[in-house]
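Data block below; observations after.
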Amino acid sequence: MFSQLPTPQTDSILSLSTLYRADNRQDKVDLGIGVYRNNQGQTPIMQAVKTAQMQLAEEQQTKVYVGLAGCEEFNQCMVDLVLGESPVLDRVSAIQTPGGSGALRMLGDLMNVAQPGTTIWLSNPSYVNHKPVMEAAGLNVKYYSYFSPTTKQVDVDKMLRDLATAGSKDVVLVHGCCHNPTGADIDFNAWQAITALAQKNGFTPFVDIAYQGFGDGLIEDALGVRYMAENVEEMLISASCSKNFGLYRERTGAAMVMAKNNTEANNAKGKLLQLARSTYTMPPDHGAAIVRTILTNDQLTKIWKQELIEMQQRMQRIRTSLCTELRTTLKSNHFDFIQAHKGMFTLIGFSAEQMIRLREEYAIYGVEDGRINIAGLAEQQIPYVANAIANITE
Ligand SMILES: Cc1ncc(COP(=O)(O)O)c(C=O)c1O
């Protein structure tokens, strides 16, 4: 049975972590895998999460199955978190999923069932798992222009030109905020322009929001998705609690469908439940129970929001310091785009060879596509990293 299987290719980001662990150099810096880190290099459990966890341990009476849709209170909390007090809420349905990845796959499967042969447009580049997940769900994948290697920002004109060719049976995936891997986000005008194209040409927007609160703030990061939801008939949303609640391993996320009306939203949910049933049946409970506990308790919500602000501010501080350091070292503003980028990631514009040099000569581990995780930098490492980047740039 297995003799025809090829030798597996290693995942570039995960194998980077293995190399990092095996590196004995004292000054090594891990800017690879996408997890938030504090100044001590740790990914601590958030205080609000710890408190919610203890509360749950006290209160929980059973570990019996939660049901196909997971916890409905969690689902409602997630819809509220992403869409706010939107007038469209009565035509939105949601299910709890194993992480944002589970939401991506369930929505991919849903599109394939609802409309076989769907083409989904991804930004070029996009989150490394978007293409495999959508292809595994049976969709065709196309790319729209996104990142300008010259300005290191979004090339909005080129993006809109490409998206103008997306047809009424196509789906366009947009990152809600903090674009992975580039760090370059579309501004509100671009959200409006994509929405106008969706209205005109009839494609369905799909928003993947995995870093809400990491960019400009919880509400600010959702302004684009909220505007879009209020101005199109149908939309898909995947949301992840891995980063903004620090619940990575608890696999917590939600898949949402906004349909033309309440009946169609319920039908879509019914199909999602059937798809979940034949995949993993029921989502894991713990992470969602924590999020629900936090978001239904004013005091815990306040603590969580404050912690999230501190994380976001730390990332912004690092961006500013790294930019300042690079400006001084290089006597140029070449890397100023780092400060304009949002969230954890920045594509610094290095080739694979330059990234390998960073790793081999300086023990600085970033992804070979040029992505660095800003949150992986401790403040005291900034001069060292800036100096290494400057040396390799020259
Ligand atoms: C854009 C994007 N979507 C989805 C995910 C998946 O998140 P999760 O860990 O919740 O499955 C990630 C994780 O890195 C991501 O960057």
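The values are calculated or read from the model by the stated rules, or taken from the named source; none is laboratory data. Keep in mind that what you see is a predicted model, and the values were worked out from it rather than measured. Neighbour counts run over all protein chains shown; Cβ positions are idealised from the backbone, glycine included. For accessibility, only protein heavy atoms count, side chains too; no ligands or nucleic acids. Shrake-Rupley method; radii C 1.70, N 1.55, O 1.52, S 1.80 Å.
Table for the structure above
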quantity: Length released on extending from GLU379 to ASN39, taking residue separation times 0.36 nm less the Cα-Cα span; calculated: 121.8 nm
quantity: Charge sum, other residues only, whose C-beta stays under 14 Å from LEU247's C-beta, Lys/Arg counted +1 and Asp/Glu -1; calculated: +2
quantity: Probe 1.4 Å, all protein chains present, accessible-area order of LEU173, LEU218, largest first; calculated: LEU218, LEU173
quantity: For region 65-296: lysine pairs under 22 Å (alpha-carbon distance), excluding those fewer than 8 apart on one chain; calculated: 17
quantity: Region 65-296 - convex hull of the alpha-carbon atoms, volume per residue in Å³; calculated: 109
quantity: Long-range amide H partners of LYS142 with built H, under 5 Å; calculated: ILE120, TRP121, LEU122
quantity: Cβ-placed point charges (K, R +1; D, E -1), dipole of the chain about Cα centre in debye, nearest 20; calculated: 380
quantity: Most to least packed among 260-268, 70-78 [average Cβ atoms within 10 Å]; calculated: 70-78, 260-268
quantity: Mean separation of Cα contacts under 8 Å, 6 or more apart, over the residue count of region 65-296: relative contact order %; calculated: 31
quantity: Listed residues PRO98, LEU122, GLN9: farthest to the positive end of the dipole of region 1-143 (Cβ charges); calculated: GLN9
quantity: Extreme residue, positive dipole direction of the chain, given options TYR384, PHE335, CYS323 (C-beta unit charges); calculated: TYR384
quantity: Length added when fully stretched, LEU223-ASN129, from 0.36 nm per residue minus Cα-Cα; calculated: 31.4 nm
quantity: Region 187-214 versus region 72-115: alpha-carbon centroid distance in Å; calculated: 16
quantity: Region 77-193 - accessible surface per residue (Å², probe 1.4 Å); calculated: 37
quantity: Magnitude of the charge dipole, region 65-296, Cβ model with Lys/Arg +1 and Asp/Glu -1, debye to 20; calculated: 620
quantity: Distance (nanometres) between label positions extended 7 Å along Cα→Cβ at GLN47 and THR279; calculated: 3.7
quantity: Protection-proxy order for peptides 151-157, 101-107, each taking the mean of Cβ atoms within 10 Å per residue, highest first; calculated: 101-107, 151-157
quantity: Cα-Cα P(r), region 242-298, percent of pairs per 10 Å interval; calculated: 20, 38, 36, 6
quantity: Contour minus Cα-Cα distance for ASP157 and GLU233 (0.36 nm per residue); calculated: 24.9 nm
quantity: Relative contact order [Cα under 8 Å, 6+ residues apart], the chain, whole percent; calculated: 26
quantity: Accessible surface of region 274-394, 1.4 Å probe, proportion on carbon and sulfur as whole %; calculated: 47
quantity: Spacing of the two label points (7 Å from each Cα toward its C-beta) at TYR65 and ASP80, in nm; calculated: 2.8
quantity: Accessible surface, per residue, of region 239-365 when the full set of protein chains is kept, probe 1.4 Å, Å²; calculated: 44
quantity: Computed [θ] at 222 nm, helices only, for the chain once each DSSP H run of length n ≥ 4 contributes -39500 (n - 2.57); calculated: -14000 deg cm²/dmol
quantity: Cubic angstrom per residue, convex hull over Cα atoms of the chain; calculated: 156
quantity: Those residues of region 67-105 whose amide nitrogen sits under 20 Å from the label point placed on THR263, 7 Å along Cα→Cβ; calculated: 88-94
quantity: Pair ASN391, LYS305: separation of 7 Å Cα→Cβ label points (nm); calculated: 4.6
quantity: Calculated from backbone phi, Karplus (6.51, -1.76, 1.60) coupling profile of region 284-292 in Hz, x at Gly/Pro; calculated: x, 8, 4, x, 5, 5, 5, 4, 4
